[in-house]
Amino acid sequence: MSDTAKYVEDMIAWRRHLHMYPEASFEEHETVKYLREVLTERAPSAKLSHPTPTSMIAVFDTGRPGPKIGLRTDTDGLIMSEDRPDLEFASRNENRMHGCGHDGHMAVVLSAMAWVEDNLEDMTGTIVGIFQHAEETPPGGAKEMVATGLFDDYDYIFGFHLWATLPIGTIDIKEGPASANSDLWEMTFKGKGAHASTPEDSISPTVAAANMTNQLLNIASVRVSGLEPAVVTTTFMEAGSADALNVIPPVAKIGGVVRTHNDDVQVKVQEIMHDLVAAAERANPGMEIELDYLVGYPMVWNDPQRTAIVRELAEARYPGKIISDPAMLGGEDFAEFSRVAPATYIFVGAGNPEKGFDAGHHNPRFGIDEDSLEIALQLTIDVLKNRERLGGIHSTDA
């Protein structure tokens with residue numbers, strides 16, 4: 001019998017329940033209540049506590065010497081409506097959807113906790129399930145949890161993402177960077193309105209905002225080395241009204257994201273944006289431009305030595321199925337854990353067009369092949385079985 005067979009039925013049931021009742025970031029009260037109920041029944045040896053109102057940790061202290069290992073999952077859903085009438089377990093919460101796979105992540109870690117309970121007499125050290133809230137909303141729940149200091153003494157933290165754009169059976173493992181520094185920005189242009197027939201009487205914020213949008217595109221292509229990934233994208237524009245097309249408005253707003261892999265490039269992009277704002281004010285006397293720049297999730301850093309061990313375990317379990325794609329330019333606040341403890345974050349393929357699961361993340365038709373849950377659970381169990389190797393490496397050796 002495999003390590004996972006006895007857990008699959010419950011794991012799928014847990015995932016489907018969680019999928020039906022998604023909650024947005026910082027609102028995961030019913031979600032954490034359900035997680036607590038499952039663990040109280042299925043992993044009674046775990047000590048449960050709540051570092052923040054909607055997060056939870058489940059601690060198995062074996063009382064025997066060994067490393068302190070964490071298994072992290074995210075718990076929040078998205079503020080969007082699901083378009084999967086073919087699924088009997090589709091979301092029942094209005095304008096809420098597990099459109100990124102967090103329901104599956106929770107089900108896998110719940111099952112891993114059940115496995116630990118069933119094998120506790122063979123465990124050493126401390127094993128912790130980390131049920132983290134608010135992954136989807138910067139500055140994110142991981143930062144809030146890490147700020148408690150509870151994770152400063154961990155020897156290793158493992159995380160994964162069910163990845164709908166990878167085919168089922170494929171596993172993406174990368175040493176070093178695994179995601180991007182993920183920042184948000186907004187600019188407000190305060191000028192002078194006028195009648196549209198006399199633009200010379202205005203200090204037009206719409207023209208300045210449009211020009212700025214074009215200048216921002218040049219940052220990555222001209223101001224940053226082509227060897228360094230950098231994305232500066234405008235995703236939001238707001239000015240005037242369709243009901244007043246003959247009015248030049250006094251205020252315009254634009255906003256978007258910045259994604260980088262290098263901390264120095266992250267700083268440089270921010271400095272360039274401030275320079276562009278100052279130049280635009282000089283070019284438009286009387287206009288004030290405010291740049292609100294939010295430094296969001298840092299880059300996930302996979303400890304190279306420990307991640308090489310995870311790769312070795314995955315290759316042994318699923319030979320020929322392991323890839324190493326370039327680090328994604330998406331954000332992931334697991335990064336906060338990877339900054340306080342050695343960590344590995346991997347991507348488990350969950351896409352399957354033959355079953356109707358071919359939509360990307362944050363898409364109303366997003367879905368995962370549930371066979372990916374068992375793959376993720378087996379990899380997680382293999383990590384637990386090798387906790388002494390993964391947690392026993394001293395930083396000076398890495």
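The values are calculated or read from the model by the stated rules, or taken from the named source; none is laboratory data. This structure is a prediction, so every number in the text was calculated from the model and none was measured. Reconstructed Cβ throughout: ideal geometry from the backbone, glycine too, with neighbour counts over all protein chains shown. Surface accessibility is based on the protein's heavy atoms, side chains included, excluding ligands, DNA and RNA. Shrake-Rupley method; radii C 1.70, N 1.55, O 1.52, S 1.80 Å.
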Hey, which of these cross-link pairs are over 19 Å Cα-Cα: Lys68/Lys321; Lys174/Lys385; Lys174/Lys321; Lys321/Lys385?
Lys68/Lys321; Lys174/Lys385; Lys321/Lys385
Label points 7 Å out from Cα along the Cβ direction at Glu290 and Lys6: separation in nm?
6.0 nm
Which part of segment 24-50 falls in the paramagnetic zone of Asn93, meaning amide N under 11 Å from the point 7 Å along Cα-to-beta-carbon?
24-34
Using label points projected 7 Å from each Cα along Cα→Cβ, tell me how many nm separate Asp275 and Lys321, to one decimal.
4.9 nm
Which of the aspartates and glutamates could a cross-linker bridge to Lys268, judged by Cα under 14 Å and excluding same-chain residues fewer than eight apart?
Asp183, Glu228
Length-normalised contact order of segment 25-126 in % [C-alpha pairs under 8 Å, at least 6 apart]
34 percent
Positive minus negative residues near Ala24 (Lys, Arg vs Asp, Glu; Cβ under 9 Å)
-4
At Glu121 and Arg64, where each label point lies 7 Å from the Cα along Cα→Cβ, what is the point-to-point distance in nanometres?
1.1 nm
Segment 218-261 and segment 58-85 have their Cα centres apart by a whole-number Å value of 35 Å
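How much FRET efficiency would the formula 1/(1 + (r/R0)^6) give for Ser49 and Ala13, where r is the Cβ-Cβ distance and R0 is 22 Å, rounded to 0.05?
Details: r = 25 Å, r/R0 = 1.15.
The formula returns an efficiency of 0.30 here.
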Share of the chain's accessible area from carbon and sulfur, percent, 1.4 Å?
51 percent
Cα to Cα, under 16 Å, and not fewer than 8 places away if on the same chain: which lysines meet these conditions relative to Lys6?
none
Are there any chymotrypsin sites (Phe, Trp or Tyr not before Pro) in segment 315-349 that are in a DSSP loop and have at most 11 other Cβ atoms within 10 Å? List them by number.
none
To make sure I understand the rule: partners must be aspartates and glutamates, Cα under 19 Å from the Cα of Lys33, and not fewer than 8 residues away in the same chain. Which ones qualify?
Asp10, Glu23, Glu41, Asp74, Asp76, Asp103, Glu135
Send over a whole-number figure in Å² for the accessible area per residue of the chain, probe 1.4 Å.
43 Å²
Once the whole set of protein chains is in place, how much accessible area is left on Asp201, using a 1.4 Å probe, in Å² to the nearest 10?
80 Å²
Fully extended contour minus Cα-Cα distance, from Glu30 to Asn211, at 0.36 nm per residue:
60.5 nm
Ranking Leu162, Val232, His133 by how far each Cα lies towards the positive end of the charge dipole of the chain (+1 on Lys and Arg Cβ, -1 on Asp and Glu Cβ), the top one is Val232
